[in-house]
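The values are calculated or read from the model by the stated rules, or taken from the named source; none is laboratory data. Values in this document were obtained by computation on a predicted structure and should not be read as measured data. With ideal geometry, Cβ positions are generated from the backbone for all residues, glycine too; neighbour counts draw on all protein chains shown.
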Amino acid sequence: MSQNAPILVTVENSIATITLNRPERHNALGLEGLSLFSSILGDLEANSEVRVILITGKGDKTFCSGAALDDLGAGAMTGDTFAEVTDKLAGMAVPSICAFNGSAYGGGVEIGLACDFRIGIDGMRLFVPPARIGLCYPVNGIERFVSRLGVDTAKRLLLASEEFEGKELKALGYLTHLVNRDQLLATANELAQRMANYAPIALKTMKQICDQVAAGAIDKNTAQAAADACNASEDLKEGFLAVKEKRTPHFRGR
């Protein structure tokens, strides 16, 4: 992949790192970037070596300013184009981490919500501007804001278009972690590597069940069957054996 591409991806030690690569445009995503993002997620979903996804951005000002307004205004894409990518990200089987290298606006806020963990930095800002320009945010995006943050916070972001900073975002439950800028990548990589070393079947199963519960759409019989399959896996046998032998387990995802 060209280093000039709007999005870069690397895979190392079972961790896929996706980097938004348009800092001169505040890492806004146009049709090209969204198409590439979707393709990358598809490739990662099919890669059994990937156990964790880490998303960040280039530059020190903005993680992502959302959909590129020139493409939106020209009709080259719609908010639904962006929502298709965030839906795909939220539906990834493996855990995902968003490491905010800077502020987030609009769809950039939702990219974070589509991840399982959100690590922010002191001084970052966040707001969602569609109401300011007369645009209705995509329906599935509104659903994600409400289910993840609650209806009151979702309305503060979407209707009032309030602006929040790091400590407020942590208090509201948007950020799962808040660190100094110089601790961001170390914190994100440590969390990613920790989960990459865990049993992937257990992670995928519990992530799926957590998301179903949060959405109020859990089928307990299906969830129990998935949990039973996890608890009958070779990985669990390896985990118990590793404890007995006082060594690090080597999970193979089966």
Checklist entry - If a residue has to be closer than 19 Å to residue 50 by Cα and either surrounded by fewer than 17 Cβ atoms within 10 Å (Cβ to Cβ) or aromatic (Phe, Trp, Tyr) (or both) to count, how many in segment 1-20 make the cut? => result 5
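Quick one: is residue 187 in contact with a strand residue (DSSP E or B) (Cβ under 6 Å, 6 or more places away or on another chain), among the polar types (S, T, N, Q) and under 19 Å from residue 110 (Cβ atoms)? Give the steps one after another, and end with the answer.
Working: in contact with a strand residue (DSSP E or B) (Cβ under 6 Å, 6 or more places away or on another chain): yes; among the polar types (S, T, N, Q): yes; under 19 Å from residue 110 (Cβ atoms): no.
It is false that residue 187 is in contact with a strand residue (DSSP E or B) (Cβ under 6 Å, 6 or more places away or on another chain), among the polar types (S, T, N, Q) and under 19 Å from residue 110 (Cβ atoms).
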Item to check | Filtered residues of segment 199-242 (kept if touching a residue at least 60 places away in the same chain (Cβ under 8 Å) and surrounded by 15 or more Cβ atoms within 10 Å (Cβ to Cβ)) | outcome: 200, 203, 204, 207, 208, 211
Next on the checklist: Quick check on segment 16-31. Is at least one of its residues assigned to a helix (DSSP H, G or I) and either in contact with a His (Cβ under 8 Å, 6 or more places away or on another chain) or farther than 23 Å from residue 126 by Cβ (or both)?
Outcome noted: yes
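Of the residues 197, 221, 231, which single one is under 23 Å from residue 119 (Cα atoms) and of a type in the set (S, T, N, Q)? Steps first, please.
Working: 221 fails: under 23 Å from residue 119 (Cα atoms); 231 fails: under 23 Å from residue 119 (Cα atoms).
Result of the check over 197, 221, 231: 197.
Would you check which residues across segment 136-155 are among the charged types (D, E, K, R), under 16 Å from residue 105 (Cα atoms) and either crowded, with 17+ Cβ neighbours inside 10 Å or in contact with a Leu (Cβ under 7 Å, 6 or more places away or on another chain) (or both) and list them?
Kept after step one, since they are among the charged types (D, E, K, R), are these residues of segment 136-155: 143-144, 148, 152, 155.
Now narrow it down to the ones that are under 16 Å from residue 105 (Cα atoms): 144, 155.
Residue satisfying the conditions is 144 alone.
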Checklist entry - Could you say whether any residue in segment 206-214 is assigned to a helix (DSSP H, G or I), more than 22 Å from the chain's Cα centre (by Cα) and β-branched (Val, Ile, Thr)? => result no
Checklist outcome for this item: Residues in segment 215-226 that are in a helix (DSSP H, G or I) and either assigned by TED's automatic domain parsing to the domain that holds residue 15 or touching a helix residue (DSSP H, G or I) at 6+ places or on another chain (Cβ under 6 Å) (or both) total 2
Checklist entry - Could you list, in sequence order, the residues of segment 99-135 that are surrounded by 24 or more Cβ atoms within 10 Å (Cβ to Cβ), without any contact (Cβ under 8 Å) to a residue 60 or more places away in the chain, in contact with a Cys (Cβ under 7 Å, 6 or more places away or on another chain) and not basic (Lys, Arg)? => result 104, 111
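Mind checking which residues of segment 99-119 are part of a strand (DSSP E or B) and within 8 Å of the chain's Cα centre (by Cα)?
Of the residues in segment 99-119, the ones part of a strand (DSSP E or B) are 99, 103-105, 117-119.
Selection gives 117, 118.
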Checklist entry - Can you find even one residue in segment 72-82 that is assigned to a loop (DSSP other than H, G, I, E, B) and at pLDDT 95 or above? => result no
Next on the checklist: Can you find a residue that is touching a strand residue (DSSP E or B) at 6+ places or on another chain (Cβ under 8 Å) and assigned by TED's automatic domain parsing to the domain that holds residue 183 anywhere in segment 129-149?
Outcome noted: yes
Checklist entry - Mind checking which residues of segment 157-169 are crowded, with 17+ Cβ neighbours inside 10 Å and either assigned to a helix (DSSP H, G or I) or among the hydroxyl-bearing types (Ser, Thr, Tyr) (or both)? => result 157, 158, 166, 169
